[in-house]
Amino acid sequence: MVVGGGIAGLVAARGLAATGRDVLLLEASPLLGGKLRTAEVAGLPVDVGAEAMLARRPEGLDLAAELGAEVLHPTPATSGVWSRGALRALPRSLMGVPLDLDQLAASGVLSPDGLARATAETATEVTDDVSVGELVAARLGDEVVERLVEPLLGGVYAGHARRISAAAAVPQLLAMARRGSLLEQAATVPVSTAPVFATLAGGMGTLPGLVRDAGGFDVRTSATVRALRHLGSAGSPSGWAVTVGPTTHPETIEATEVVLATPSAPTARLLAEVSPEAAADLAVIESASVAVVSLAFRAQDVPDALFERSGFLVPPVEQRAIKAATFSFAKWAWVRDLDPDVVVLRTSLGRHREEATLQAADEGLVRVSLADLTAMSGLTARPVDTHVQRWGGALPQYAVGHLDRVARVRASIARLPGLALCGAAYDGVGVPAVIGSARRAVASLTQAD
Ligand SMILES: Cc1cc2nc3c(=O)[nH]c(=O)nc-3n(C[C@H](O)[C@H](O)[C@H](O)COP(=O)(O)OP(=O)(O)OC[C@H]3O[C@@H](n4cnc5c(N)ncnc54)[C@H](O)[C@@H]3O)c2cc1C
């Protein structure tokens, strides 16, 4: 049995079914896919959750290949960053650490003082885990953190650089810092022409349906799992019983194996009885709520110049409402081809512990998005349609020490035969990492076969 029908749960269910097991997937919401979702904006089906996956990790592309899905890459349009009163080219970086100082200087993202500080790297000792922000600020100064690291981490984790673990979020950076100068090593990172990102024809929101169709497993939606207990003795469980459905009509389903592919908070609740220590570790993983505002315009109302950028990031220090805008029509040919007379773009709002930003009606989020877009890109057109997707508690925050926490959780769960965990809370929040965690969960259950 698999609990949770996001991409982790779907991939786990498919992997277990492939070994000949009878698999039932239970999903709390009426829809499968979790943070992968398509919705209609001006009648066009577009992504309102994840819209891309890293192409430099194999798991997402491998899954697409297994499913026979067509993989698409973004157009050559480049991304920008709103900094010091202007939209500027985003310099090449490793999660904000500049890989090309000339490009950084030419971009104007940093002030002259900030640039001078960044180029005069301070040698610091790095031993244990440290936050990405602390690590980079000590080496290259606060401005690199405020104007490059923050917007990039904000885009992936909706988190704050001075809280997110370098070991969990950017291990390459920590390894470089331990070896020596960040800038010297960054200068040797080759410029790659290979695409960094990919999606599927029709968007990432098509992936859940493809996995389900290929799956060979049963699915129940609107089926919230409320409790998990072991059958047999606590020390050596002989199977599992889950309680599913409304509290007024609870149903018990028994299974030999259970994969919990749920976010950390529900996973902690479900583990409370069978592994209190893992539950305690998971319960303290915080998460950030975000919203994606999709806006459709008549193509003729959108200045040509906007087609040259795939979007832009906004550092928190700029104190704007939006933290990023993705010009989907310019970034993805498949979106543009949906209807050449309509262009769709999206903004994202919300950072960890800043839920107040999202405490507005949908119209309010549309209004502030439009105001920021006008100020930052010159787009003054009125949208022909809008869509607001709220994602409560969507992105787990990998605080300093996250890897140790996950190792402890895995050690506790390993003592419970027939139980496995996967999803965004553990080994990375990106779609390929989440797929990888699902494959790992399947392997942990099937290796004894
Ligand atoms: C707005 C946004 C944009 C993103 N953009 C990108 C991107 O462009 N590229 C990228 O790689 N990643 C992106 N991500 C991250 C990525 O989408 C997620 O980390 C990933 O999809 C999470 O998958 P998951 O299966 O672990 O969890 P989820 O998608 O959260 O799925 C968990 C499922 O469990 C269900 N569930 C919860 N509790 C229960 C219960 N008690 N019983 C039954 N079911 C339950 C939920 O309803 C949900 O469907 C984005 C995330 C967000 C929020």
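The values are calculated or read from the model by the stated rules, or taken from the named source; none is laboratory data. Please read these numbers as outputs of a predicted model, since none were measured by experiment. Using ideal geometry, Cβ is built from the backbone for each residue, glycine included, and neighbour counts are taken over all protein chains shown. The protein model used for the area step is the full one, side chains on, heavy atoms only, and it has no ligands, DNA or RNA in it. Shrake-Rupley method; radii C 1.70, N 1.55, O 1.52, S 1.80 Å.
A few notes on this one:
- Residue in segment 172-181 that is closer than 27 Å to A291 by Cα and in a helix (DSSP H, G or I) present: no
- Residue match in segment 134-147 (condition: open to solvent by 20 Å² or more (accessible area, probe 1.4 Å) and either within 16 Å of the ligand (Cβ to nearest atom) or closer than 26 Å to M53 by Cα (or both)): yes
- Cross-chain or 6+ apart pairs with Cβ under 8 Å, segment 237-259 first and at positive phi, then assigned to a strand (DSSP E or B) and at pLDDT below 95: G239/H230; G239/L231; G239/G232
- Listing of strands (runs of 3 or more DSSP E) fully contained in segment 26-128 that carry 2 or more residues being open to solvent by less than 60 Å² (accessible area, probe 1.4 Å), in contact (Cβ under 8 Å) with a residue 40 or more places away in the chain and not basic (K, R): 38-41, 44-47, 78-83
- Considering residues of segment 260-294 that are part of a loop (DSSP other than H, G, I, E, B) and surrounded by fewer than 19 Cβ atoms within 10 Å (Cβ to Cβ) only, the residue farthest from the ligand (Cβ to nearest atom): V284
- Of all residues making up segment 349-383, the number that are touching a helix residue (DSSP H, G or I) at 6+ places or on another chain (Cβ under 8 Å) and among the small types (G, A, S): 5
- Selected residue (criterion: farthest from A241 (Cα to Cα)) from residues of segment 1-25 that are open to solvent by 10 Å² or more (accessible area, probe 1.4 Å) and not in a loop (DSSP other than H, G, I, E, B): I7
- Test for L25: is it aliphatic (A, V, I, L, M) and either near the ligand (Cβ under 8 Å from one of its atoms) or more than 30 Å from A227 (Cα to Cα) (or both): no
- Contacts under 7 angstrom Cβ, first residue in segment 149-170 being under 12 Å from L313 (Cα atoms) and free of Cβ contacts under 8 Å to residues at least 60 places away in the same chain, partner open to solvent by less than 10 Å² (accessible area, probe 1.4 Å) and not in a loop (DSSP other than H, G, I, E, B), 6 or more apart: V149/V132; V149/G133; V149/V136; L153/V132; L153/I164
- Of all the numbered requirements in (1) part of a loop (DSSP other than H, G, I, E, B); (2) β-branched (V, I, T); (3) open to solvent by less than 60 Å² (accessible area, probe 1.4 Å), T188 misses one, and that requirement is (3).
- Of the listed requirements (1) crowded, with 16+ Cβ neighbours inside 10 Å; (2) under 30 Å from I164 (Cα atoms), G245 misses just one: (2).
- Residue satisfying condition, being farther than 19 Å from D281 by Cβ and in contact with a helix residue (DSSP H, G or I) (Cβ under 6 Å, 6 or more places away or on another chain), within set G423, G436, G430, G418: G436
- Extreme residue, nearest to the ligand (Cβ to nearest atom), among residues of segment 208-259 that are acidic (D, E) and within 24 Å of L63 (Cβ to Cβ): D218
- One residue stands out in segment 161-173 among those that are under 19 Å from D142 (Cβ atoms) and over 17 Å from the mean Cα position of the chain (by Cα): the one that is most open to solvent (accessible area, probe 1.4 Å), namely R162.
- Exactly one residue out of A223, A194 is assigned to a loop (DSSP other than H, G, I, E, B), in contact with a Lys or Arg (Cβ under 8 Å, 6 or more places away or on another chain) and of a type in the set (A, V, I, L, M): that is A194.
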